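Down below is the structure, laid out as C-alpha cells.
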Amino acid sequence: MARDKLTFMASETPEAREALQQLRQRYEDVGSEKADVIVALGGDGYMLSVLHETRHLSLPIYGMNQGTVGFLMNAFSLDDLPNRLRSAQRALVHPLAMTATDATGALHQAIAINEVSVFRETRQAAKISITIDGQVRLDELVCDGVLVATPAGSTAYNLSAHGPILPLEADVLALTPISAFRPRRWRGALLPGSARVRFDVLEPDKRPVSVVADNQEFRTVVQIEVAEDQTTELHLLFDPEHNLEERILNEQFIP
C-alpha cells in the first residue's frame, strides 16, 4: 500500500502544535480524504483519541511523540519522513466492543483500544460476578475494580494493576483485578481473543459501579459485556528498529 500522501493531526499542547506547523511547512498535507497515512503528533492518550476518531477511514496511523510516555509513538524528527513511512512496520489491533446496562435499564456502547475497566464509585468495595462465554467463573469478586485489556493495552493500566504483558500476536485478552480483597490471591486470567466476558454488579444500590472504555465513562452500571471486535482493524506504523512487538517484549525485562 502506498504511503506517499500524508495528513497531519496534533494534540493541543504547544509542542505538538509547533511540530505540526513545522511538518506542514516541509511536507504537503492532502487531508484525510486523500491521504494514505495519518501522522499523529502527541502522546499515547492523543493516539488513542486519533484511533477512535479516524477508525472509519481505515488508514494506518504513524505517531510521533510529542507527549510524555509515547509507548505507541515513534521518535519525532522532521527529516526523511517519507522514507521512514515506507520502511515502517504495520501492527494490527482489534479493539474491544463494550455494552453496559445502567440502573435505569439504558444501554451504553463504546469501543476500547486499550481496556475496559470497572470501578467502585464509593468507599465500599465493589462486588462483581464474572461470566466467560456463558459460564460463571467467579461467583463474587470483592475489589476496587476489574479490567479487560487488549495486547496493545496490556502495557498501560493493565500493567499498573499487575496484569500480564501480552505479545501483540498472541490473540489473548488479559482479565485483571484491581486491588482484589476476596478472593485475595486471585491475580486474574488469560482469555482467548474470542472470549465474551460479562460482569454482573452485585448489590448495585449499596455498592455502585462505573465502567470506563478507554476515555468514555458510564456510571451506576449493573451489567457490562465485553468482547473483541474482530470486524474492526486498526493499523499502527512503527519504525523497524522500535516496532510495537519489540517494545512489548522489552517492557517485560525492565526492572
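Taking the criterion of being touching a Ser or Thr at 6+ places or on another chain (Cβ under 9 Å), closer than 30 Å to Gly63 by Cα and not hydrophobic (A, V, I, L, M, F, W, C), would at least one residue in segment 184-192 satisfy it?
no
Might you check whether a residue that is surrounded by 24 or more Cβ atoms within 10 Å (Cβ to Cβ), within 30 Å of Thr68 (Cβ to Cβ) and among the β-branched types (Val, Ile, Thr) occurs anywhere in segment 158-168?
no
Can you find a residue in segment 66-74 that is within 30 Å of Arg196 (Cβ to Cβ), part of a strand (DSSP E or B) and touching an Asp or Glu at 6+ places or on another chain (Cβ under 8 Å)?
Scanning segment 66-74 turns up no residue that is within 30 Å of Arg196 (Cβ to Cβ), part of a strand (DSSP E or B) and touching an Asp or Glu at 6+ places or on another chain (Cβ under 8 Å).
Anything in segment 218-255 that is in contact (Cβ under 8 Å) with a residue 24 or more places away in the chain and aromatic (Phe, Trp, Tyr)? List them, or say none.
Scanning segment 218-255 gives Phe218, Phe238.
Can you spot a residue in segment 68-88 that is more than 23 Å from Val116 (Cβ to Cβ), out of contact with any Gly (no Cβ under 8 Å at 6 or more places or on another chain), outside the structural domain of Ser154 (by TED's automatic domain parsing) and of a type in the set (Ser, Thr, Tyr)?
Yes, there is a match, as at least one residue in segment 68-88 is more than 23 Å from Val116 (Cβ to Cβ), out of contact with any Gly (no Cβ under 8 Å at 6 or more places or on another chain), outside the structural domain of Ser154 (by TED's automatic domain parsing) and of a type in the set (Ser, Thr, Tyr).
Which ones in segment 127-155 are among the polar types (S, T, N, Q) and in a strand (DSSP E or B)?
Hits for segment 127-155 are Ser129, Thr131, Gln135.
Could you check Gln124 against (1) in a strand (DSSP E or B); (2) in contact with a Lys or Arg (Cβ under 6 Å, 6 or more places away or on another chain) and say which number it fails?
Every condition holds for Gln124 apart from (1).
May I ask you to verify whether Asn215 is of a type in the set (S, T, N, Q), touching a residue at least 12 places away in the same chain (Cβ under 8 Å) and surrounded by 23 or more Cβ atoms within 10 Å (Cβ to Cβ)?
In short, no.
Does Leu85 meet the test of being over 21 Å from the mean Cα position of the chain (by Cα), among the hydrophobic types (A, V, I, L, M, F, W, C) and under 28 Å from Thr232 (Cα atoms)?
yes
Output yes when any residue across segment 175-193 is at pLDDT below 95, aromatic (Phe, Trp, Tyr) and buried (at least 18 other Cβ atoms within 10 Å of the Cβ), and no when none is.
So far as segment 175-193 goes, no, none of its residues is at pLDDT below 95, aromatic (Phe, Trp, Tyr) and buried (at least 18 other Cβ atoms within 10 Å of the Cβ).
Could you grab me the full set of residues in segment 159-206 that are basic (Lys, Arg) and touching an Asp or Glu at 6+ places or on another chain (Cβ under 8 Å)?
Arg182, Arg196, Arg198
Looking at the structure I just gave you, is Ser58 at positive phi and either out of contact with any helix residue (DSSP H, G or I) (no Cβ under 7 Å at 6 or more places or on another chain) or not small (Gly, Ala, Ser) (or both)?
Answer is yes for this residue.
Looking at Leu85 and the list (1) under 19 Å from Glu245 (Cα atoms); (2) modelled with pLDDT of 95 or more; (3) not in a helix (DSSP H, G or I), which single condition is not satisfied?
Result: Leu85 fails condition (3) only.
Residues in segment 156-201 that are in a loop (DSSP other than H, G, I, E, B), of a type in the set (Gly, Ala, Ser) and either touching a Lys or Arg at 6+ places or on another chain (Cβ under 7 Å) or touching a residue at least 24 places away in the same chain (Cβ under 8 Å) (or both): how many?
Of the residues in that region, 6 qualify.
Could you tell me how many of the residues in segment 29-62 are over 22 Å from Ala110 (Cβ atoms) and either surrounded by 13 or more Cβ atoms within 10 Å (Cβ to Cβ) or among the β-branched types (Val, Ile, Thr) (or both)?
Going through segment 29-62 one residue at a time, the tally reaches 10.
The values are calculated or read from the model by the stated rules, or taken from the named source; none is laboratory data. None of the values given here were measured: they were computed from a predicted structure. For neighbour counting, all protein chains shown are included, and Cβ atoms are generated from backbone atoms with ideal geometry for every residue, glycine included.
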